[in-house]
Amino acid sequence: MTTTALYKIETSEGDDGTTHPVEQLWTPGEDAVENGFVAHRGLYVTGIDDAAEDHLYPVAFLVLGHQRWADIIEAAAAYMARVHGWRNLHLYPGDDPSVLIPLIPRAVHTHGVFLRHPHPAHACACEWDDTWRMVWAPNTEPGAVPVTALRHPAAMVAAAGIPNPDDGAPASWAA
């Protein structure tokens, strides 16, 4: 059976003209903390950015596994506190408190494929060292990992591109 991948593994060309992968499939586990995740009460959470733009703060949060919405909110607040020194999920640091956003978006249970540099234990001093990325994917995609995602309340709605179950995306709303 042949499947059509939703992502392309990035490659580079060696001095001899041979193409080499610069990333490989990765399943975050015990090594998640060494790769930018924060451990909070048994959950692994990280902030993610918009694929099209760089932001100073995360536009969404990603937690490994399918988790409860309330736990995601707590983990996201812990991530902001540890990484950015800011615990208020309704604002980004420096935002005007008079425009406080009163609601926290719903979290979704979905899946993603994690890709990272193939030499994490042996730094090669290239631009890919210590990097990884995640691509949203259906649970049938080879290497897909269950994740729970939540948009940062202060981020633009479309910024994170989190799958929306109401639009037919391969996801379901977290309880």
Fill in the blank from the handout: Note on the range 47-56: residues within 13 Å of TYR92 (Cβ to Cβ) and out of contact with any Pro (no Cβ under 7 Å at 6 or more places or on another chain) are HIS55, LEU56
Problem - Given (1) within 14 Å of the chain's Cα centre (by Cα); (2) in contact (Cβ under 8 Å) with a residue 60 or more places away in the chain, index of the condition ALA32 fails - result: (2)
Exercise for the section: Of all residues in the range 42-80, count the ones that are more than 19 Å from PRO102 (Cβ to Cβ), assigned to a helix (DSSP H, G or I) and open to solvent by 40 Å² or more (accessible area, probe 1.4 Å). Expected result: 1
Practice task
Starting from the range 84-108, keep only residues that are closer than 25 Å to HIS66 by Cβ and of a type in the set (Gly, Ala, Ser), then list their pairs with residues that are open to solvent by less than 30 Å² (accessible area, probe 1.4 Å) and modelled with pLDDT of 90 or more whose Cβ atoms are within a distance under 7 Å, requiring at least 6 positions of separation or different chains.
Solution key: ALA107/ILE72; ALA107/THR148; ALA107/ALA149; ALA107/LEU150; ALA107/ALA174
Handout entry: Neighbours by Cβ (under 8 Å, 6+ apart or cross-chain): first from the range 139-157, closer than 17 Å to LEU103 by Cβ and in a loop (DSSP other than H, G, I, E, B); second open to solvent by less than 60 Å² (accessible area, probe 1.4 Å) and of a type in the set (Gly, Ala, Ser)
Key = HIS152/GLY47; HIS152/ALA60; HIS152/ALA76; HIS152/ALA160; ALA155/ALA60
Exercise for the section: Would you mind stating whether ALA5 is within 17 Å of HIS152 (Cα to Cα) and at pLDDT below 80? Expected result: no
Exercise for the section: Scan the range 6-41 residue by residue and report those that are among the acidic types (Asp, Glu) and surrounded by 12 or more Cβ atoms within 10 Å (Cβ to Cβ). Expected result: GLU10, GLU23, ASP31
Fill in the blank from the handout: Scanning the range 138-173 residue by residue, those under 13 Å from LEU62 (Cα atoms) and among the aliphatic types (A, V, I, L, M) turn out to be VAL145, VAL147, ALA149, LEU150, ALA160, ILE162
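The values are calculated or read from the model by the stated rules, or taken from the named source; none is laboratory data. These numbers were taken from a predicted model, which means no experiment stands behind them. Virtual Cβ from ideal backbone geometry, glycine too; neighbours counted across all protein chains shown. All accessible areas refer to the heavy atoms of the entire protein, side chains included, with ligands and DNA or RNA removed. Shrake-Rupley method; radii C 1.70, N 1.55, O 1.52, S 1.80 Å.
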